[in-house]
Amino acid sequence: MSGQNEPKVAILGMSEGGRGWATLVSGAGWQVTIYDPDAAQLHEGEEEIATRKRHSHGSGIPPILDDNHNQPPGEPRLGRSLLDAVNTADWIIDATTSDLLHRQRLLEQVESVSRMAAIVTCSAAGLSPTDLCARLRRPARLLVAYALDPVEQIPAIEVVPGPLTDPVCLDTVRNWLRRLGRIPVVLRKEIPGNAISRITVAVWRECIRLVLDGVLEVRDVDALISSGLAARWAAAGPFQTAYLEAGATAQLSTVLRSVETRWDGDNGFHIPPAEHAHLIRMIQRAYEGEGDVLRGARDERLAELKKIIGY
């Protein structure tokens, strides 16, 4: 490895996600090689990465300087082939957009030409490590690290280890992501679709239904989300918001129950009493005693969002 905290990185695929990962990693001054079998895509990606780095102020990319306090070079190297791209890499990021079968084949090829110690992460929405590593001889060194686009602008990263993932690899990836100014959120177990996709799909379903049922226009839904719900949850996530609204255990129970019975005729969502009580205990353990601090931080974020978004 080039350094304990600065791996050599190879990024496969100049998709939107691949360009975002390359912008993030090269912007931090780390050695990065980008590769795409489509030469035009590769060169277009190189140009876009340079542009995005120039406009990435405030993105969360950590300003790393060398010992002489010079700006890091961080210019991506173009891989001439898959072998050339990955053969010295410590961290290989699969940012392709192919389906599961093609991804499995690609990962099998990557394993055959990469270092034994290399760690592979797939920026794959909804795909599980177990499915992705089905053709691998070293499944312990693969996990999912999915970032929303634009990668360099959104700090939370969904990290999904599989049952065979080496815990040391998980800790290493988590450390690398933190070094890049990201917030790794690790799933404790595999579930179909992972977390981000499931939450996104649940909200999408309601947005689509409201438009198709003639309740709201497309622009109205976008306004409710971007200047309403998204702004609220950007300042404090759903559980933290419920905790701050409630102020006490009894009120927290009422807030959560109201989610289940928000409108008549919907019997599809109900939390059994034991799970309801368990959920309240978990929320309290997460935030107990921090109400005033969290409320102040939420209000500061809302004020900043108001300046930025202009609502």
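Taking the conditions exactly as written (assigned to a helix (DSSP H, G or I), buried (at least 16 other Cβ atoms within 10 Å of the Cβ), over 23 Å from the mean Cα position of the chain (by Cα) and not aromatic (Phe, Trp, Tyr)), does residue 231 satisfy them or not?
Spelling it out, it is not the case that residue 231 is assigned to a helix (DSSP H, G or I), buried (at least 16 other Cβ atoms within 10 Å of the Cβ), over 23 Å from the mean Cα position of the chain (by Cα) and not aromatic (Phe, Trp, Tyr).
I need the full set of residues from the range 146-184 which are small (Gly, Ala, Ser) and surrounded by 18 or more Cβ atoms within 10 Å (Cβ to Cβ), in order please.
As a first pass, look at the range 146-184 and keep what is small (Gly, Ala, Ser): 147, 156, 162, 181.
Those that are small (Gly, Ala, Ser) and surrounded by 18 or more Cβ atoms within 10 Å (Cβ to Cβ): 147, 162.
Among the residues of the range 73-80, are any under 12 Å from residue 11 (Cα atoms), open to solvent by less than 60 Å² (accessible area, probe 1.4 Å) and either modelled with pLDDT under 85 or in contact with a Phe, Trp or Tyr (Cβ under 7 Å, 6 or more places away or on another chain) (or both)?
At the first step, the residues of the range 73-80 found to be under 12 Å from residue 11 (Cα atoms) are 76-79.
Checking which are open to solvent by less than 60 Å² (accessible area, probe 1.4 Å) leaves us with 76, 78-79.
Filter again for either modelled with pLDDT under 85 or in contact with a Phe, Trp or Tyr (Cβ under 7 Å, 6 or more places away or on another chain) (or both), leaving 79.
Yes, the conditions are met somewhere in the range 73-80.
Can you spot a residue in the range 201-213 that is closer than 22 Å to residue 298 by Cβ and hydrophobic (A, V, I, L, M, F, W, C)?
Step one: list which residues in the range 201-213 are closer than 22 Å to residue 298 by Cβ, which gives 203.
Those left that are additionally hydrophobic (A, V, I, L, M, F, W, C): 203.
So far as the range 201-213 goes, yes, one or more of its residues are closer than 22 Å to residue 298 by Cβ and hydrophobic (A, V, I, L, M, F, W, C).
Does residue 223 satisfy the condition of being outside any loop (DSSP other than H, G, I, E, B), small (Gly, Ala, Ser), surrounded by 13 or more Cβ atoms within 10 Å (Cβ to Cβ) and at pLDDT 85 or above? Spell out the reasoning first.
Numbers: outside any loop (DSSP other than H, G, I, E, B): yes; small (Gly, Ala, Ser): yes; surrounded by 13 or more Cβ atoms within 10 Å (Cβ to Cβ): yes; at pLDDT 85 or above: yes.
So residue 223 fits the description; yes.
The values are calculated or read from the model by the stated rules, or taken from the named source; none is laboratory data. Bear in mind that the values here come from a model prediction, so they are computed numbers and not experimental data. All Cβ positions, even for glycine, are placed from backbone atoms using ideal geometry, and neighbour counts span all protein chains on display. Surface areas here come from the heavy atoms of the whole protein model, side chains and all, with no ligands, DNA or RNA. Shrake-Rupley method; radii C 1.70, N 1.55, O 1.52, S 1.80 Å.
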